[in-house]
Amino acid sequence: MEKVFSIIVTKQFYISCLAFLGGVFLASFVSIPLSILLFMSFLGVCLFASAFVTPDEYIKKISIAISFFIIVFSLGAIRFELHGDSSPDQVFASKVGQQITLESEILGEPINKGSYTQYVVLAPNSNEKVLVRGENYPKFKYGDRVSFTGKLQAPTNFETEKGKEFDYVSHLRKDDIHYILSFARGTLVSEGNGNIITSMLLTLKQSFVRNVNTLFPEPSSSLMAGVLLGVQDSLGTELEDVFRDTGIIHIVVLSGYNITIVSESLVKLFSFLPKNLALGSGAFGIILFSLMVGATPSVLRASLMALLVLLARGTGRTYAIARALLIAAVVMVFWNPNILVFDSSFQLSFLSTIALIWISPLFLPLLKRVPEKFGFREVVASTLATQLFVLPLLLYTMGQISLFGLPVNVLILWIIPTIMLLGFIATILQFGFHILAIPVAYCTYILLMYVIQTAKLFASLPFATIQIPYFSAFLFWSSYALYGYLFWRFRKSAKLHQEK
């Protein structure tokens, strides 16, 4: 028991961060009255005050630590409950199933879903965000004020083609969206109403997308836009299924892992410079990349994770990076408490960052026979670490496992930095030097087709994916408890080996 109390005192920072996240986590599943949470905070304050009149120094430290835990845990739950006060507008609730007209500004970048285009708008005279599924034509953009007419619906969960229920309600709720306007027709009212900086960034991104579409034929253009710019437009159902079945769909979804690839490529490119300048080039690349793709909240989260990975690998100070990672997670969750439980992209980015910082280095000594040329050994180590570490989460949320995910990732990921670099150069040259852009684009096209054909080859093999319709929460938490135990044993063994 004394050892437990000692840990509570010495690891107060980590325990406090985890307490806040724990409070948000519990409140995500259980609605706790604010009166009870405020009473808990009051008890924590009383325990904290009583610690200073305790003569025993050890009991004083324990009381302070426990009181701080109670207060921070309560604050986490209170933050979620206060954020949850943005409940569905009851005026809208009474209109579900009816044809309504909304006139509002488009809040973010429109997303083409093939048969329709998706917009997010803020309902007039309300703080209610509405997801609009509108016709593909006429086209509207961020900042346009549009009058949409369509059928108001409440989102519902649905079963995917893989037989797994997708919690669509919670997926939209993380962005405070409670209603959908379907089969909507829009009429432009005015333009240029959005934030000027956001408009400029999205305009720049669309210019890059146009250049990509000019230089590359389908499906390589969609893959290039996804890899380079994180464009969410559909790859096409067939190719998207191929990428999912082979476990490489993440290469077209902006995450901390993808942006880490960009930064590490720049660090290697400028490795002839002093270490700090090389790291600075990687950090600059992350910032430039996040601005180029629109600097949305999800991109900024991914960029922050990538910066932490870069700092950890560049400085070797994983202890300090652990603190930074926890602080980043707490800040993100404080800003939007829904992402902790309901945002799979945040969860995947967080777990991938942990894998890249702590787990990947453990694999390097085991891969001495893998060649180091072109950073191949590091790619294999990173792939092994991230694939294994996020597997329980993918099984819990997606319900499928790709038997060939590991070899396909190893065969493909080492070439992604080259594709991104050449693709970026080609699109830049396309702005004013079309003749020079063509040969660079052709080389990039060959690499893109290598990725597509490799994925198609493995997807066509028998049992490329296995469906696991039920992977319980118990198995999910048990898996990460086992990972934690194995990591602890490995670190302990390595420490004993160094002491000898």
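The values are calculated or read from the model by the stated rules, or taken from the named source; none is laboratory data. Just so it is clear, the model here is predicted, and its values are computed rather than measured. In this analysis, Cβ positions are derived from the backbone assuming ideal geometry, glycine residues included, and neighbour counts consider all displayed protein chains. Quick note on the areas: whole protein, heavy atoms, side chains included, nothing else; ligands and nucleic acids left out. Shrake-Rupley method; radii C 1.70, N 1.55, O 1.52, S 1.80 Å.
A few points about this structure:
- Segment 109-140 residues near the modelled Q99 label - backbone nitrogen below 16 Å, point 7 Å along Cα→Cβ: 135
- Ranking R323, R79 by solvent-accessible area of protein heavy atoms (1.4 Å probe, all protein chains present), from largest to smallest, gives R323, R79.
- Net charge dipole, segment 41-132: roughly 200 debye, given to the nearest 20, about the Cα centre with Cβ charges of +1 for Lys and Arg and -1 for Asp and Glu.
- When the convex hull of its Cα atoms is projected in every direction, mean area for segment 337-402 (nm²): 5.2
- Within the full protein context, the accessible area of K492 is estimated at about 100 Å² for a probe radius of 1.4 Å.
- In terms of packing, defined here as the mean over residues of other Cβ atoms within 10 angstrom, the peptides 329-341, 42-54, 20-32 line up highest first as 329-341, 20-32, 42-54.
- D (Stokes-Einstein, µm²/s), Kirkwood Cα radius, segment 17-63, 0.890 mPa s at 25 °C: 198
- DSSP H segments from the chain that extend 20 Å or more along their own axis, Cα-based, with Kyte-Doolittle mean of -0.5 or above: 12-29, 34-51, 57-83, 196-215, 275-292, 297-315, 318-335, 376-397, 416-430, 434-459, 473-499
- Across segment 438-487, the convex hull enclosing all Cα atoms gives 158 Å³ per residue.
- Sorted peptide list for 214-227, 475-488, 58-71, criterion being average Cβ within 10 angstrom, highest first: 214-227, 58-71, 475-488
- Dipole axis of segment 352-500 (+1 Lys, Arg; -1 Asp, Glu on Cβ), positive-most option in S493, G432, G405: S493
- Solvent-accessible surface ranking, highest first, for T397, T246 at 1.4 angstrom: T397, T246
- Taking the protein heavy atoms of segment 339-437 in the context of the full set of protein chains, the accessible area attributed to carbon and sulfur is 74 percent at 1.4 Å.
- P(r) for segment 110-204, from all Cα pairs and a bin width of 10 Å, is 15, 42, 33, 9, 1 %, short bins first.
- Sum of side-chain charges, R145 neighbourhood, beta-carbon under 14 Å (Lys, Arg +1; Asp, Glu -1): -3
- Among F48, L273, L107 - extreme Cα towards positive end, dipole of the chain, charges at beta-carbon: L273
- Beta bridge orientation in the chain: antiparallel %, DSSP, nearest 5: 85
- Average accessible surface for the chain: 53 Å² per residue, computed with a 1.4 Å probe over protein heavy atoms with every protein chain in place.
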